[in-house]
1. Considering only the range 11-21, how many residues are under 28 Å from GLN83 (Cβ atoms) and either modelled with pLDDT of 85 or more or open to solvent by 80 Å² or more (accessible area, probe 1.4 Å) (or both)?
2. For residues in the range 83-104 being touching a helix residue (DSSP H, G or I) at 6+ places or on another chain (Cβ under 7 Å), closer than 14 Å to GLN130 by Cα and of a type outside the set (Phe, Trp, Tyr), which is modelled with the highest pLDDT?
3. Please work out which one of (1) open to solvent by 20 Å² or more (accessible area, probe 1.4 Å); (2) touching a residue at least 40 places away in the same chain (Cβ under 8 Å) is the condition LEU150 fails and give its number.
Amino acid sequence: MLRKLYDWVFSLARHRHATRSLAVVSFAESSFFPIPPDVMLAPMVLAKPERAYFYAMVCTVASVLGGIAGYAIGYFLEPVGLQMLAWLGKADAFEASKALFQQHGAWVILIKGLTPIPFKLITIASGIFQFNLALFIALCVVTRGARFFLVAFVLKRWGPPMLAIVEKRLALFTVLFLVLLIGAFFMVKLIGH
């Protein structure tokens, strides 16, 4: 069933309303849908490289709005959020996640938002754990924007062969991005003192 859903989403990339569909899939993936928007973003960028960053922006805005919806599910409808986590097979990790979120919530959102791990897990958990909403939104903008603009940049610049390399080494690229982010944070702090 998941394969049929994946193929259906992929087919939307060739539809005349592909941009609207991309926004809907990006929104839904952040709150309840299992297929990531990259399935549409990649073929759309390859078909129209001149619109790569526009498509990345559509994904980012819709994903952040979907993230807010996921947060609301966790915050206002906790039993529904917990049931969704159970459906995704993540209910067992809930208590361990709670401690991790309380200590390092911002880092969890930043790291998980860049990876292929379903973002809805983070958005729903953020609501359940009542993570600071303003910070949550800011982190979603950074992490989702970085992810989608990176995909758009790579595909526009080097095409499908480079995307395969990035997907294969996503963990390495995530670590490098985080090192740069932490380094920039410390540089700003040092300059400010």
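The values are calculated or read from the model by the stated rules, or taken from the named source; none is laboratory data. What you see is a predicted model; the values in this text were computed from it and never measured. Virtual Cβ from ideal backbone geometry, glycine too; neighbours counted across all protein chains shown. Each accessible area value is taken on the protein alone, full model and side chains, heavy atoms only, with ligands, DNA and RNA left out. Shrake-Rupley method; radii C 1.70, N 1.55, O 1.52, S 1.80 Å.
1. Here is the first cut: in the range 11-21, the residues under 28 Å from GLN83 (Cβ atoms) are 12, 21.
After this cut, where a residue has to be either modelled with pLDDT of 85 or more or open to solvent by 80 Å² or more (accessible area, probe 1.4 Å) (or both) as well, the list is 21.
Count: 1.
2. Taking the candidates together, the pick is LEU100.
3. Failing condition for LEU150: (2).
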